[in-house]
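Values in this text are rule-based calculations from the coordinates and carry no lab data. Predicted model, so just to flag it, every value in this text is computed and none were measured. Here the Cβ positions follow ideal geometry from the backbone for every residue, glycine too, while neighbour counts run over all protein chains shown.
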Amino acid sequence: MNTFWIDTGTTTLGEADRLLTSLAAGLGLTEDAFGCTHLVRGDRPRVVLSFTVASAEPARRLAADGYEVTAGTPDDAGRAVLFPGASALTGTLTVAELLRTSAIDRVTVLGTAGEPDLGQRLMTRDHVRPAWQAGELVLTAMPAAGGVLVPFEEPDPTPCCADH
C-alpha cells in the first residue's frame, strides 16, 4: 500500500471532507482505499488530507496537478472519510453489521466503559467518521433518543456563534 498526504490549505472539516471526496472520485479510487483528514495546529491551523491506496499512481497524478505530495501521514490519528465499507454505512445498523461490513475495528460510546453490545442499533445519519487510535479504526458514538446510538460527529454542525 502507498500512503501519502497533501496540504490543500483547507481550514474546516466540512471543506476537507468535500475536497477529499472530490479528489478520490477524480482519481477513481476503489473501495479498498483510505482517505483521512488530519488537524494541523500551530501558526497556521488547517486540515490536511492523507490517502492509503494500492498504487502509486494517485500520488503521481496529484503531484502533476500541482499538489505537494509527502510520503506517509502527518500523524497517526487521522479521521477516516473514505474507507472500505463506508458506502454501506447508511440508515440504521447494528454494531455487528457495522463492524462486519466496514473496516471499522471497534465502536466506543462516550461516557461508558467497554464496548456496546453487538446487537445495539446505530443510526448512522449517513455520516460515519471513525478515527485511527493505536492502529485501530474506532468509531466514537453517543446515546440518542429512542435507545439508539449515533456517531459522535454531527453531519452538519452549527458553527460556533452562528447567531452573532
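A few points about this structure:
- Using a Förster distance of 25 Å, the FRET efficiency for Leu13-Asp117 (Cβ separation, nearest 0.05): 0.25
- Sites counted here are GluC sites (Glu not before Pro) in a DSSP loop (not H, G, I, E or B) having no more than 13 other Cβ atoms within 10 Å; the longest part of the chain that contains none of them is 69-164.
- Packing-based exposure ordering (other Cβ within 10 Å, fewest first) of Asp43, Asp75, Asp126, Asp7: Asp43, Asp126, Asp75, Asp7
- Computed over all pairs of different Cα atoms, the Kirkwood value for the hydrodynamic radius of segment 2-82 is 12.5 Å.
- With Cα atoms, 0 to 90° folded angle of helix 13-27 axis to the chain main axis: 60
- Point-to-point label distance, Thr94-Ala145, nm (Cα→Cβ direction, 7 Å offset): 2.6
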